[in-house]
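The values are calculated or read from the model by the stated rules, or taken from the named source; none is laboratory data. Quick caveat: nothing in here was measured; it's all calculated off a predicted structure. Backbone-built Cβ (ideal geometry, glycine too); neighbour counts: all protein chains shown.
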């Protein structure tokens, strides 16, 4: 169990502090430098990219990091995250608004959908759904399932001009005659 604990702690240290030498890691984890090499190897086998930097000021650097498990949130926590994101859309004066929204988009996008939840919510009568709208829905579903970004023509309710924007559909809403991703 100590080995697993040290591997996880090593990930946390490299994520929080950036580059660390084997000596620094060994001191933090209470083990010897040889064990650090073993932990690095195990983490790389598990899919983490840890780069070795040579030289007097070298060490290990974590290059890819995804510690948030796709099923690590409870239903109420997921709801809270979605509501927080929705709430923040009305508070664009928040100093870190753009960074917050980008981070929330990435977080919510990376989480998998529960069985039976396809991410499509329809707020109008769809009996007369046009083939153009059906094609747009199918394209959004494909982009969502393939984790792809797509460019759409967007017009806000306050503008008469359509502007191209790039989105990563997580779920989308059909309201009247438009799609909101």
Which listed residue, of 132, 158, 114, is in a loop (DSSP other than H, G, I, E, B) and at pLDDT 75 or above:
158
Any residue at all in segment 48-57 that is surrounded by fewer than 10 Cβ atoms within 10 Å (Cβ to Cβ), closer than 17 Å to residue 6 by Cβ and either within 21 Å of the chain's Cα centre (by Cα) or at pLDDT 85 or above (or both)?
no
Name the single residue that is nearest to residue 58 (Cα to Cα) among those in segment 12-34 being in a helix (DSSP H, G or I) and touching a helix residue (DSSP H, G or I) at 6+ places or on another chain (Cβ under 7 Å).
22
So, in segment 81-104, of the ones that are over 16 Å from the mean Cα position of the chain (by Cα) and assigned to a helix (DSSP H, G or I), which residue ends up surrounded by the most Cβ atoms within 10 Å (Cβ to Cβ)?
88
